[in-house]
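Asks: Shown below is the structure under consideration.
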Amino acid sequence: MTDVPMAPARPRRFYWSVRREIWENRAVYLAPLAVAALVLFGFLISLHGLPHAARVLSGPKPATPDEVAAYGRQSMVLMTPQFTPAAILVTALIVAVFYSLASLNTERRDKSVLFWKSMPISDRTTVLSKAFVPLAVLPVVAFVVMLATQAILAAISSAVIAANGIDPGVLWKNMPTPAATVLGLAYGLLAQALWYAPIIGWAMLISAWAKRMTFLWAVAPPLGVCLVELVAFHTHYAWDLLASRVKDGLAAFTVGGLGKAPIHDVSQINPMPFLTDPGLWGGLVFAAAALAACVWLRRRNDPI
């Protein structure tokens, strides 16, 4: 009797499903890398003003209002490496949303869903592997690109400042400690992935349900609810809920998660306000329900 080949174990099927998603969606890593390259290019163009900014900040403290304003402007020039991850972060969020909107819709439109359903991979594994990309893979990619970009910019800044006879310490004293940078970015990206999970779940649900115009179907119903509430009841609770879901995820990178000052030291990281927020757990329940609905829809929907 010949042996019947067995289907690969579940973890291996999940692993290869994630690999397939990355192979087919290279924007997951190419978009953050492209933005990092643009940031580096713009920074290199602005290097001529770096020595002057370092001299201003290493000189006497400002006394007049004009000197205070000039000091603030030069401080922003010197702290450019600290702010550049924001561009990479926004890029990763945009890629995550548009990837989710296309994740289940594209395979139905190009009929490739028929081929993948013939493989020994369940609908649940497929949906979870697609959700894994924006919720886990993209944050890791963003984390690596952010750290690499900050390290390159900081090294170039230090070399330019030292070459002009100025102590590079003027740069480092205005930047977070390396431990705060690494842990702050890691914690912030993890918190963001959890906070934005319902947005990813909603986008994938629309992708599994809609036949076309997934972006419109994802945006129109929530905005319609906000408009009806405003016109009928003259309140804006739905809008406040949507706004908080979008903007409050960025607060994870600030002291105590309060959205006021960026983290400069490891001791300023406080996850308790985030972990005890009812909005976090309500959003995770919604995301789980949305992914379960995606599995149900993928099992029953035909190609478009």
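Condition check ((1) buried (at least 19 other Cβ atoms within 10 Å of the Cβ); (2) modelled with pLDDT under 95; (3) of a type in the set (Ser, Thr, Tyr)) across all residues:
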{"residue": "Gln192", "(1), (2), (3)": "yes, yes, no"}
{"residue": "Trp202", "(1), (2), (3)": "yes, no, no"}
{"residue": "Pro221", "(1), (2), (3)": "no, yes, no"}
{"residue": "Ala232", "(1), (2), (3)": "no, yes, no"}
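Asks: Among the helices (runs of 4 or more DSSP H) confined wholly to the range 131-240, which include 2 or more residues that are β-branched (Val, Ile, Thr)?
Replies: 138-163, 178-195, 197-209, 214-233
Asks: Something else about it: List every residue pair whose Cβ atoms sit under 7 Å apart, with the two residues 6 or more apart in sequence or on different chains, where the first one lies in the range 150-174 and is more than 17 Å from Ile45 (Cβ to Cβ) and at pLDDT below 80 and the second, anywhere, is among the acidic types (Asp, Glu) and surrounded by 13 or more Cβ atoms within 10 Å (Cβ to Cβ).
Replies: none
Asks: Can you pull out every residue in the range 228-244 that is in contact with a Phe, Trp or Tyr (Cβ under 9 Å, 6 or more places away or on another chain) and either under 17 Å from Gly279 (Cα atoms) or not charged (D, E, K, R) (or both)?
Replies: Within the range 228-244, Leu230 is the sole residue that qualifies.
Asks: Now for a different question. Output the qualifying pairs, or none if there are none: Cβ atoms under 6 angstrom, residues six or more apart or on different chains, first residue in the range 24-39 and farther than 14 Å from Leu138 by Cα, second residue modelled with pLDDT of 95 or more and of a type in the set (Asp, Glu).
Replies: Nothing qualifies.
Asks: So, in the range 268-304, how many residues would count as being of a type in the set (A, V, I, L, M), surrounded by 16 or more Cβ atoms within 10 Å (Cβ to Cβ) and part of a helix (DSSP H, G or I)?
Replies: 7
The values are calculated or read from the model by the stated rules, or taken from the named source; none is laboratory data. Computed from a predicted structure; not experimentally measured. Cβ atoms come from the backbone with ideal geometry, glycine included; neighbour counts cover every protein chain shown.
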